Each structure stands twice: as structure tokens, then as C-alpha cells.
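Take a look at the structure below.
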Amino acid sequence: MTIVPFDDRDGWIWLDGQFVPWRDANLHVLSHALHYGAAVFEGERMYDGRIFALEAHTRRLFRSAELLDFAIPFTEDEINHASAETCAKNGLRNCYVRPIAWRGPEQLSVSALQTRTRVAIAVWEWPKYFDAAKFQRGVRLCWAKYRRPPAEAAPTAAKAAGLYMICTISKNDAERNGYDDALMLDCSGAIAETTGANIFFVRDGQLYTPEPTCFLDGITRQTVIGLARKMGIAVTETRIEPGMLSTFSECFIVGTAAEVTPVGEIGVLTFHPGRLTFDLVDAYADHVRAHVKDRRLVTA
Ligand code: PMP
């Protein structure tokens, strides 16, 4: 597979309120964010011309910035509008959307009171997070080397760049060893999430998922819980210890990029993606495109 670096592409990036040619959307090497990790971002998907849960993602972006003690110099409405506009400007109707806000180069020290917040939105085509061939039998997870920090030790509710450092190390290890992703524990030893998605388990037709006490309460996670309950499936948010994993029959992960992806293995344990998992894969796929059907109904 040829990899086209992200700085060697064409298109338009929204930067601080205006569109700039893709290749000109640069920042200085002495930007505070690069040295001290002060950046927050979002990952969204546009399906058939509409960004799914756009307002919720934008709200989280602003909340993440607030948790990192900086303000985004735009309104949520302006960012919502700019996100949709960036897709249109690039001629895309099905794509991944990446807004990011970071501290600029005005001050390069731990203290950052003088920095200005910069904001960019880029969009690109990104079909599936995991290899489609693996989807039916489920992706393979190993155990991550690092645990999620507790909420007392980091702003864990923020989608903050710095918090991904341990995710990248764990995901790299996983891929190097032939796995698709790594499952992280929290500091008390309970199951938390993978490096970029939340996790669910199935036992006797019911769903179980860890309580998001020290990791993102993902928008996909909340959506899937809502869809499952509507389908009459009980969902329990609870502490799940690694020793309990053998009592579950199915497992899947959820996130904007991963959508609903079946899991086939966690370390030495195997899971068999079944009816309930695939029903939720379909329900989520329908839900994110529901507006298209609505429009068809209106025009029919
Ligand atoms: N956890 C992590 C670490 C993530 O990166 C993501 C993806 N943003 C999620 C969970 C799922 O969040 P969402 O469903 O809002 O995309």
C-alpha cells in the first residue's frame, strides 16, 4: 500500500477562520502544542452529506479545550458551520472530519498564558478503520502495556492529544505483534477501552460495558447504548475485570472511526461475533445514515 503523507495532498483546510490550500496549512516548530501536548481534537464522520452527531462532537471539542485551560476563539455554531463547509469545499460527502485546536508559538514554556489558540479543520476520505476482511471473524486485541490514567491524574474526559501518547505506544506494539489493537486497563486493573474505541461484551443476550470513569464516554458508545435499549437489549455499565472475560460470548468495539467492529480475540481468549453484534453493526450503520432515508420518504 502506498502511503501518501498528510502534508503531500491537495485540497482545502479551514485554518483560523479561512480556507487555505492544503499544503499551506503549516505551523511553526516552536508552537507550544508540539512541545507540551496542548491540543484537543475531534474525529467525526460525514455520511452521505451529513456529519453524524456534529453538534455533540463540537461541544466535546470546546469542553476538551476548557479542561486543558484554553478557550477556542470561535462559537460552536461557527465551528459546526465550518466543519460542514470544509467537506463541501473539498467536494466530499462521505469522509472523516478532524477539527483541532492548539496553543500557538507566542510562549514556549510550561506556562502558556500568553499563547493564542489556533483552530483547523481538515477532512479526508477514510472508508473503514479496520481491514474489511477481518470484520466478519472479528479483530484481534492484545493487552496494552500502559493503563489509562485515573481522572485524578489527568483530564481524562478531554479528547486531548497528549493523552494519546500511551495509545500510540500500545497500538504500535499491537500491530508489530500481528494484532489489530490493544485493550487498556484502568489504574485499578479493570477493563477500560482500546487505544481509540470503547468496548462492549455480550452475555445471555445482554450487553455489558465499562463505566467511563477515566476515559472518553464516546459519542458512538452513547449512541449504541441508546440503540440497544430501543431494540429491547439490556445494557449494564459496570466494572469489568479481566477475569470475567471468559463469561462473555461476544465482544465488539465502538467509535467514530471504528464504528461497530466485532472482536474475535483478546489475548488467549476467543469470541464469536454473533447475532447481537451484527444486529448492532447494522443498526448503527442505518442510524448514522437515517437522514438519507428520511429524505427519501419526504421526496417519495
Ligand atoms: N476512546 C478513545 C481513546 C478514542 O480515541 C475514541 C474515538 N474518539 C473513543 C473512545 C470513541 O469516541 P467516539 O465514539 O466519540 O468517537
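The values are calculated or read from the model by the stated rules, or taken from the named source; none is laboratory data. Everything numeric here is computed off the predicted structure, so don't read it as measured data. Cβ sites come from the backbone with ideal geometry, for glycine too, and all protein chains shown count toward neighbours. All accessible areas refer to the heavy atoms of the entire protein, side chains included, with ligands and DNA or RNA removed. Shrake-Rupley method; radii C 1.70, N 1.55, O 1.52, S 1.80 Å.
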Query raised in the report: How large is ³J(HN,Hα) for each residue in the range 106-113, as worked out from phi by the Karplus curve 6.51 cos²θ - 1.76 cosθ + 1.60 (θ = phi - 60°), to whole Hz, x for Gly and Pro?
Result: 5, 9, 10, 7, 4, 5, 9, 4
Report summary line: Among Gly17, Ala290, Leu67, the residue whose Cα sits farthest towards the positive end of the charge dipole of the chain, when +1 is placed on the Cβ of each Lys and Arg and -1 on the Cβ of each Asp and Glu, is Ala290
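Probe of 1.4 angstrom, ligands and nucleic acids ignored: what's the accessible area per residue over the chain, in square angstrom?
49
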Requested in this report: Equivalent ellipsoid semi-axes for the chain, as square roots of 5 times the alpha carbon gyration tensor eigenvalues: give them largest first, rounded to whole Å.
Outcome: 32, 25, 18
**Report entry** 5 angstrom amide H check on Ile233, placed H, neighbours 5+ away
**Finding:** none
Report summary line: the range 189-244 and the range 126-183 have their Cα centres apart by a whole-number Å value of 16
Requested in this report: Give the calculated FRET efficiency between Gln114 and Lys89 to the nearest 0.05, with a Förster radius of 45 Å applied to their Cβ-Cβ distance.
Outcome: 0.90
Query - Reachable lysines from Lys128, criterion Cα separation under 19 angstrom, eight or more residues apart if same chain - result: Lys171
Query - Calculated FRET value between Ser249 and Ala56, using beta carbons and R₀ = 41 Å, to 0.05 - result: 0.85
Query - the chain - mean residue ellipticity at 222 nm from DSSP helices (-39,500 (n - 2.57) per run, n ≥ 4, rounded to 500) - result: -8500 deg cm²/dmol
Query - Residues whose placed amide H lies under 5 Å from that of Ile13, excluding near-sequence neighbours - result: Val20, Trp22
**Report entry** FRET efficiency estimate (nearest 0.05) - Cβ-Cβ, Asp204 to Val292, R0 35 angstrom
**Finding:** 0.50
Query raised in the report: Non-local amide H neighbours of Trp126 (under 5 Å, H modeled in plane, Pro and chain starts lacking H): which ones?
Result: Tyr96
Report task. For the chain, calculate the relative contact order in percent as a whole number, restricting contacts to Cα pairs under 8 Å that are 6 or more residues apart. Result -> 17
**Report entry** Table column - 3J(HN,Hα) (Hz), the range 187-202, Karplus curve with 6.51, -1.76, 1.60, x for Gly and Pro
**Finding:** 5, 8, x, 8, 5, 10, 6, 8, 6, x, 7, 8, 10, 10, 10, 10
Query raised in the report: What do you get for Rg/Rh of the range 192-300 when both radii come from the Cα atoms and Rh is the Kirkwood radius?
Result: 1.01
Report task. Rank Leu68, Leu30, Leu280 by mean-square fluctuation in a GNM of the chain with C-alpha springs under 10 angstrom and give only the top-ranked residue. Result -> Leu30
Query raised in the report: Just how much of Glu250 is accessible, in Å², when a 1.4 Å probe is used and the result is rounded to the nearest 10?
Result: 20
Query raised in the report: What do you get for Rg/Rh over the range 12-124 if you use C-alpha atoms and the Kirkwood form of Rh?
Result: 0.97
Requested in this report: Report relative contact order for the range 12-124 in percent, whole number only (criteria: Cα-Cα under 8 Å, sequence separation at least 6).
Outcome: 37
Query raised in the report: Under the Karplus relation 6.51 cos²θ - 1.76 cosθ + 1.60, θ = phi - 60°, what is the ordered set of whole-Hz ³J(HN,Hα) values for the range 21-29, x standing for Gly and Pro?
Result: x, 2, 6, 9, 7, 10, 9, 6, 5
Query raised in the report: In the chain, what percent of the accessible surface is made up of carbon and sulfur (1.4 Å probe, ligands and nucleic acids excluded)?
Result: 53
Query raised in the report: In nm, to one decimal, how far is the modelled label at Asp69 from the one at Asn177, with both set 7 Å along Cα→Cβ?
Result: 3.7
Query raised in the report: Which pairs in the list Lys159/Lys230; Lys89/Lys230; Lys89/Lys159 are over 31 Å apart, alpha-carbon to alpha-carbon?
Result: Lys89/Lys230
Report summary line: Hits in the range 267-285: amide N under 15 Å from the 7 Å Cα→Cβ extension of Ala234, namely none
Query raised in the report: In whole Å, how far is the Cα centre of the range 27-91 from that of the range 245-277?
Result: 30
Report summary line: Extend 7 Å from the Cα of Ala257 along its Cα-to-C-beta direction; within the range 83-100, residues with backbone N under 12 Å of that point are 96-98
